[in-house]
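Take a look at the structure set out below.
The values are calculated or read from the model by the stated rules, or taken from the named source; none is laboratory data. Model, not experiment: these values are computed from the prediction. Cβ coordinates were reconstructed from backbone atoms using ideal geometry, including for glycine residues, and neighbour counts include every protein chain displayed.
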Amino acid sequence: MKQLKTIKAYRARIKKYFTSLQGVYHMEKVPVKGSKEPTGMIDHKVCDREPEPPTLSGLALALNFTSITEMEAYEREGKFAPVVKKARLRVETEYEKKLHFQSSTGAIFFLKNLGWNEKTEDLLQDIPKTIKIEIVDPGTKLAGTEKEVDL
């Protein structure tokens, strides 16, 4: 793999990758509904290429890596690792946002593969497997009625 030489080159590739995901559109003039005058025109956004979600493999390709494994190795040892880590975090952020939608199964799968855990798993690890219940005699007898209480 031919690595990029400068931090500026990494930043430029990362910016280009995320910008390319925004899609492409143009504006067209369309008549306003119900208007009979030719001056009743408004701008309408026409999509030429739909926006796309970011992916780790897409980021790796944009940065000239040949695999995600190679990108991960660079994140551990590379000269400009913080810039690549931040770009990865941007991808992760987009999937995290999807957790707020009705069907977030794909986002959950992706985030778990990145090392995320459900909090319940962490909580369950601290719970003992068996619970011992012991009845202790308090020493004094509890009052059965209000009349048995001395003030």
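Looking at (1) surrounded by 10 or more Cβ atoms within 10 Å (Cβ to Cβ); (2) at pLDDT 85 or above, can you tell me which one M1 breaks?
Every listed condition holds for M1 apart from (2).
Filter the stretch 107-130 down to residues that are among the charged types (D, E, K, R) and either part of a loop (DSSP other than H, G, I, E, B) or surrounded by 12 or more Cβ atoms within 10 Å (Cβ to Cβ) (or both) and give me whichever is modelled with the highest pLDDT.
So the residue we want is K129.
Out of G78, G58, which single residue is surrounded by 15 or more Cβ atoms within 10 Å (Cβ to Cβ), over 27 Å from L99 (Cβ atoms) and of a type in the set (G, A, S)? Please lay out each step first, then the result.
Working: G58 fails: over 27 Å from L99 (Cβ atoms).
One residue alone meets the criteria, G78.
Of the numbered conditions (1) of a type in the set (F, W, Y); (2) part of a loop (DSSP other than H, G, I, E, B); (3) loosely packed, with under 12 Cβ neighbours inside 10 Å, F65 satisfies every one except a single condition; which is it?
Every condition holds for F65 apart from (3).
List the pairs whose first member sits in the stretch 34-50 and is assigned to a loop (DSSP other than H, G, I, E, B), whose second member is modelled with pLDDT of 85 or more, and whose Cβ atoms are under 7 Å apart, counting only residues at least 6 apart or on separate chains?
E50/G23
Could you say whether any residue in the stretch 57-80 is within 22 Å of the chain's Cα centre (by Cα), of a type in the set (V, I, T) and within 23 Å of K2 (Cα to Cα)?
Yes: one or more hits.
With the structure loaded, tell me whether R13 is closer than 21 Å to K2 by Cα, more than 19 Å from the chain's Cα centre (by Cα), surrounded by 15 or more Cβ atoms within 10 Å (Cβ to Cβ) and not hydrophobic (A, V, I, L, M, F, W, C) or whether it fails that test.
Yes; evaluated as a whole, the condition is true for this residue.
From the residues in the stretch 81-106 that are part of a helix (DSSP H, G or I) and small (G, A, S), which one is surrounded by the most Cβ atoms within 10 Å (Cβ to Cβ)?
Of all residues in the stretch 81-106, those part of a helix (DSSP H, G or I) come to 81-100, 105-106.
So of that shortlist, the ones also small (G, A, S) come out as 81, 87, 106.
Details: A81: 14, A87: 25, G106: 12.
The residue in question is A87.
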